[in-house]
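One structure is given here, and the rest of the page talks about it.
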Amino acid sequence: MAVEGLGPGQSKGVAFLVSAGVVYEVIAAACSSPQTTELNAPARAPTLMKWVYIGVAQGVLFIALAAMYDRDHAAPILAGGGLATLLLFAQYSHAKQAGLASALPPTEHF
């Protein structure tokens, strides 16, 4: 699939950067906040989950707009965005529940 304005074979660098960027984003999203949520759930879970809901709403808006603007690729845009939304929401929800159920001391003290 060529990137608009680029000929066949000229979009390989863009595809390379996009795939690398996705890996960095997924690792950052999976490691930082869910881990902090689990470690400090009693103090942070309600506020953090509020922002997870806001992030999900923003993500859905961007996914819907991307699918609307690029109707030829709407199915993979919706599939990828939907899967990412479900997976990250599940991670945060699990982190909250595991943290609230844990007897381990938090890393933050108020």
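Nothing in this text is a laboratory measurement; each read-out follows from the coordinates by a stated rule. Computed from a predicted model, the values in this text were never measured in an experiment.
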>> How large is the translational diffusion coefficient of the range 41-84 in µm² per second when you combine the Kirkwood radius over alpha carbon pairs with Stokes-Einstein at 4 °C and 1.567 mPa s?
In response: 113 µm²/s
>> List the residue ranges in the chain for DSSP H helices whose C-alpha atoms run 30 angstrom or more along the long axis and whose Kyte-Doolittle average is 1.0 or above.
In response: 41-69
>> Using only the alpha-carbon atoms of the range 12-101 as identical scatterers, what base-10 log of I(q)/I(0) does the Debye formula give at q = 0.11, 0.15 Å⁻¹?
In response: -0.38, -0.65
> Given only helices, namely DSSP H runs of n ≥ 4 each adding -39500 (n - 2.57), what is the per-residue ellipticity at 222 nm of the chain, to the nearest 500 deg cm²/dmol?
Replying inline: -26500 deg cm²/dmol
> Gap in Å between the Cα centre of the range 79-110 and the Cα centre of the range 8-67?
Replying inline: 13 Å
